[in-house]
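Read through the structure below, which is laid out as structure tokens, and then see the notes.
The values are calculated or read from the model by the stated rules, or taken from the named source; none is laboratory data. Everything numeric in this text was worked out from a predicted model, so none of it was measured. All Cβ positions, glycine included, derive from the backbone under ideal geometry; neighbour counts span all protein chains shown.
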Amino acid sequence: MTVATAVRSETSSAREGLAAIFMVAAIGIGIVALTGHVQASALHDAAHDVRHATGFPCH
Amino acid sequence: MLSKLLTSALFAGSAAGLIAALLQLVFVQPVLLHAELYESGALVHFGAEPVSALQDLPGFEPVRDGLSIVFTMLIYSGYAMILVGLMALAQSRGAPINGRSGLLWGLAGFVAAHLAPGFTLAPEVPGVAAADVGARQIWWAATVAAAAAAMWLIGFGRGLPAWLAAAVLLLAPHLIGAPEPDVFTGPVPTEIGALFAARALGVGMAAWALLGVFSGYFWARESADDAGLGQQA
């Protein structure tokens, strides 16, 4: 493996790592938004006590 | 790498979420149920008759409390995904990640996601007077994002400019102010509201401390597997 290809594969794996980090954080934000903040009444009622106990604005 | 991130986050989030849910059921839920007696009008604060501070409250309700356990585990799994993602980012830039350093991450997460918004929008007991929920959610999200950025700057920033920026990010949402109600109409005794906020913050701190420790521990294991494979290959 030449230095150039080693550097190239390192940067491409770093880029893949960044993409994975971005993905997992985005999924996490989606879950917190859905469970903690969406006001659809079924979700709101099911999560009501947790939203209060976790300090989210509830209703 | 995505599957390793997700695996670590799900383990850490479910474990911390389960413990958080049990702590909430023991310490927060009775205060919430007590407040609901005033919210529904079953009890009247400063009514004609003095009301006993000791009330018979319902015990464990399988459907309602079961849903609470599931949703608490979901919320902390969501938080764990953000936390483990940021841990992996810091690790790639040379920060040590393990269960012990995870404790600091967890406490920083508590400050960002719970204490910072709660400093102005205190955890609300049911029945409290409050401004429009959409406006409060926008303020909440902006405050959490600003405080999280501040925690990163305090942890990894170098020198005075980074710390000054962190101070501005921490203070600005509270100096600007959150959406507040026009009038106070809450029927719940202030003693119950204060106890609720204190209990919610205390349980939140315990849950985030555990979330940080578990996230650091599981991510250290998962990423060590990775390094081990790399050495073999």
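For region B:104-135, a tally of residues being acidic (Asp, Glu) and crowded, with 20+ Cβ neighbours inside 10 Å returns 1.
For region B:63-89, the set of residues classified as among the small types (Gly, Ala, Ser) and surrounded by 18 or more Cβ atoms within 10 Å (Cβ to Cβ) consists of B:Ser68, B:Ser77, B:Gly78, B:Ala80, B:Gly85, B:Ala88, listed by residue number. Residue count for region B:90-102 under the criterion of being within 15 Å of B:Leu211 (Cα to Cα) and either surrounded by fewer than 17 Cβ atoms within 10 Å (Cβ to Cβ) or among the small types (Gly, Ala, Ser) (or both): the result is 5. Somewhere in region A:17-25, is a residue surrounded by 19 or more Cβ atoms within 10 Å (Cβ to Cβ) and outside any helix (DSSP H, G or I)? No, every residue in region A:17-25 fails to be surrounded by 19 or more Cβ atoms within 10 Å (Cβ to Cβ) and outside any helix (DSSP H, G or I). Of the numbered criteria (1) surrounded by fewer than 19 Cβ atoms within 10 Å (Cβ to Cβ); (2) in contact (Cβ under 8 Å) with a residue 12 or more places away in the chain; (3) within 13 Å of another protein chain (Cβ to nearest Cβ), the one B:Gly155 fails is (3). If only residues of region B:174-191 that are surrounded by fewer than 22 Cβ atoms within 10 Å (Cβ to Cβ) and under 29 Å from B:Ile69 (Cα atoms) are counted, the one that is modelled with the lowest pLDDT is B:Gly186.
Among residues of region B:131-147 that are closer than 15 Å to A:Thr54 by Cβ and facing chain A (nearest Cβ under 9 Å), those with a beta-carbon under 6 Å from a residue that is at pLDDT 95 or above and in a helix (DSSP H, G or I) at least six positions away or on a different chain give the pairs B:Trp140/B:Pro117.
Determine whether region B:4-24 contains at least one residue that is part of a helix (DSSP H, G or I), within 17 Å of the chain's Cα centre (by Cα), polar (S, T, N, Q) and closer than 20 Å to B:Leu103 by Cα. Among the residues of region B:4-24, at least one is part of a helix (DSSP H, G or I), within 17 Å of the chain's Cα centre (by Cα), polar (S, T, N, Q) and closer than 20 Å to B:Leu103 by Cα, which makes the answer yes.
Screening B:Ala53, B:Ala20 for residues that are surrounded by fewer than 20 Cβ atoms within 10 Å (Cβ to Cβ), touching a residue at least 60 places away in the same chain (Cβ under 8 Å) and either small (Gly, Ala, Ser) or touching a strand residue (DSSP E or B) at 6+ places or on another chain (Cβ under 7 Å) (or both) leaves exactly one candidate, B:Ala53.
Would a scan of region B:195-206 turn up a residue that is among the aliphatic types (A, V, I, L, M) and free of Cβ contacts under 8 Å to residues at least 12 places away in the same chain? Yes.
In region B:72-95, of all residues being at the interface with another protein chain (Cβ under 7 Å from one of its Cβ atoms), over 13 Å from the mean Cα position of the chain (by Cα) and not aliphatic (A, V, I, L, M), the one that is nearest to A:Val38 (Cα to Cα) corresponds to B:Gly85. Taking the conditions (1) more than 30 Å from B:Thr7 (Cβ to Cβ); (2) away from chain A (no Cβ under 12 Å); (3) touching a residue at least 40 places away in the same chain (Cβ under 8 Å) in turn, B:Phe27 satisfies each one other than (2).
Have a look at A:Ala19, A:Ala42 and point out the one that is more than 7 Å from chain B (Cβ to nearest Cβ), farther than 17 Å from B:Asp65 by Cβ, free of Cβ contacts under 8 Å to residues at least 24 places away in the same chain and under 13 Å from the mean Cα position of the chain (by Cα). Unique residue meeting the criteria: A:Ala19. Exactly one residue out of B:Leu103, B:Leu164 is without any contact (Cβ under 8 Å) to a residue 24 or more places away in the chain and either more than 12 Å from every other protein chain (Cβ to nearest Cβ) or of a type in the set (Val, Ile, Thr) (or both): that is B:Leu164.
The single residue among A:Ala4, A:Ala47, A:Ala14 that is assigned to a helix (DSSP H, G or I), modelled with pLDDT of 90 or more and among the small types (Gly, Ala, Ser) turns out to be A:Ala47.
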